[in-house]
Amino acid sequence: MIAGWHKHWQSRSPRERKVLAAMAVIVALVLFALLVLSAQRARDRLLPAVLELRGQVAGMDRSVSELARLRAMPVTPPTSTDLRLLVQSGIDSAGLTSSLTRIEAVDAQQVDVVFSAVPFTDWLAWVEAMQVQRIRLNGTRIEALSTPGRVNVTATLVRTGP
């Protein structure tokens, strides 16, 4: 087959060979230009997805950092003390007693609390302090107030196992 092409090429005049070579170069350049144009279009189409994925990776990195921080926290052994008393003690030590509207033990492992006009950052710090004692939020409803930084909170806390 190659011999056939070689024979065909040799049968052409030098001028025809130059024209055919020039046409081959032009066809190769056009195909290369089409390839580059297609790659550029694909790049432009995929760039937003890449940026979104980079944002997701950054979020995952933050989650990993938070997980490492939480795992590094000292483990407090579960206590047999009444959960309502533990939660009340945590509220008192966080200075949130004035904002506490209601605290009610649902059962031995669950307590409902209601805060009125509590500073949101103080409430978050209290929740974190409760997590150290293996008391976690099971459900919560937070309502922003017109006063900046103040919220009404209804939350259910549960005792978690080791």
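Taking every residue in the range 108-120 that is within 14 Å of Ser146 (Cβ to Cβ) and pairing it with any residue that is open to solvent by 50 Å² or more (accessible area, probe 1.4 Å) and part of a strand (DSSP E or B), at least 6 positions away or on another chain, the pairs with Cβ-Cβ distances below 6 Å are Ser116/Thr101; Ala117/Arg150.
Of everything in the range 141-162, what is open to solvent by 70 Å² or more (accessible area, probe 1.4 Å) and touching a strand residue (DSSP E or B) at 6+ places or on another chain (Cβ under 8 Å)? Give them in sequence order. Once the filter is applied, which keeps residues that are open to solvent by 70 Å² or more (accessible area, probe 1.4 Å) and touching a strand residue (DSSP E or B) at 6+ places or on another chain (Cβ under 8 Å), the range 141-162 yields Arg141, Ile142, Glu143, Ala144, Thr147, Arg150.
Of the residues that make up the range 23-31, is at least one open to solvent by 100 Å² or more (accessible area, probe 1.4 Å) and either among the basic types (Lys, Arg) or touching a Pro at 6+ places or on another chain (Cβ under 6 Å) (or both)? No, that holds for no residue. Residue pairs whose Cβ atoms lie under 9 Å apart, separated by 6 or more positions or on different chains, with the first residue in the range 48-77 and closer than 17 Å to Arg136 by Cα and open to solvent by 70 Å² or more (accessible area, probe 1.4 Å) and the second part of a helix (DSSP H, G or I) and aliphatic (A, V, I, L, M), are Pro74/Val132; Val75/Val132. Scanning for something small (Gly, Ala, Ser), under 30 Å from Glu128 (Cβ atoms) and part of a helix (DSSP H, G or I), does the range 44-51 turn up at least one residue? No, there is no match, as no residue in the range 44-51 is small (Gly, Ala, Ser), under 30 Å from Glu128 (Cβ atoms) and part of a helix (DSSP H, G or I). Checking each residue in the range 131-162 for being farther than 18 Å from Ser98 by Cβ, modelled with pLDDT of 90 or more and among the basic types (Lys, Arg) picks out Arg136, Arg141.
The values are calculated or read from the model by the stated rules, or taken from the named source; none is laboratory data. In this text the structure is predicted, and so the values were computed from the model without any measurement. Every residue, glycine as well, gets a Cβ built from its backbone with ideal geometry; the counts of neighbours run over all protein chains shown. The protein model used for the area step is the full one, side chains on, heavy atoms only, and it has no ligands, DNA or RNA in it. Shrake-Rupley method; radii C 1.70, N 1.55, O 1.52, S 1.80 Å.
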